[in-house]
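Trainee: Mind having a look at this structure? Questions to follow.
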């Protein structure tokens, strides 16, 4: 809906478009000038208001964008910090796991086969390392059992050999004792046999009265 000033300007424009001779009065010219100035001021104010609104909207959008960017940067920073913390935690856990496996390998090399190999049930690289150590542990236990069995067999053989040697020596001593006794008996029998003929030779007759 046009204002009074707008209607007057529109009427003047319509008269000018009819291309008819018009003899404007000074009052009409003054009113035209004033109306044009008002219209110019209105348009200028409208442009200023529009620019102000656009600036305010742009500022609001910029603030929103800056807030969103700040949130994104904050979220990214939190993610990076969390990733670093997780990496450090994982690295520390892996380091402790590897150190424990290394300590168990050292104790295994020292002959300790009784302790359980740690992390043998895991399904990752640490578990593979632990199972490899477990294989060495089982091999060490098997070798120890073989050595124990061989030592027991050796001691048993030495005991049996000593018993057999004692038995053989006892049997030899018994045979020697028996042979010595028989020899002594034979020598005594032979001595007695020799003495009996000698006594017969010395007897020549009855004594002379």
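Trainee: Filter region 121-145 down to the residues that are under 11 Å from the mean Cα position of the chain (by Cα) and part of a loop (DSSP other than H, G, I, E, B), then identify the one that is surrounded by the fewest Cβ atoms within 10 Å (Cβ to Cβ).
Mentor: Looking at the filtered set, the residue picked out is 123.
Trainee: Would you tally the residues in region 108-120 being surrounded by 14 or more Cβ atoms within 10 Å (Cβ to Cβ) and part of a helix (DSSP H, G or I)?
Mentor: The qualifying residues number 1.
Trainee: Where the second residue is in a helix (DSSP H, G or I) and the first is touching a residue at least 24 places away in the same chain (Cβ under 8 Å) and lies in region 132-158, which pairs have Cβ atoms under 8 Å and are six or more apart or on separate chains?
Mentor: 133/101; 133/104; 133/105; 133/108; 136/105; 136/108; 137/108; 140/108
Each value in this text was obtained by applying a stated rule to the coordinates, not by laboratory testing. From a predicted model like this one, the values you see are computed outputs, not experimental measurements. Don't worry about glycine lacking a Cβ; one is built from the backbone with ideal geometry, like all the others, and counts go over all protein chains shown.
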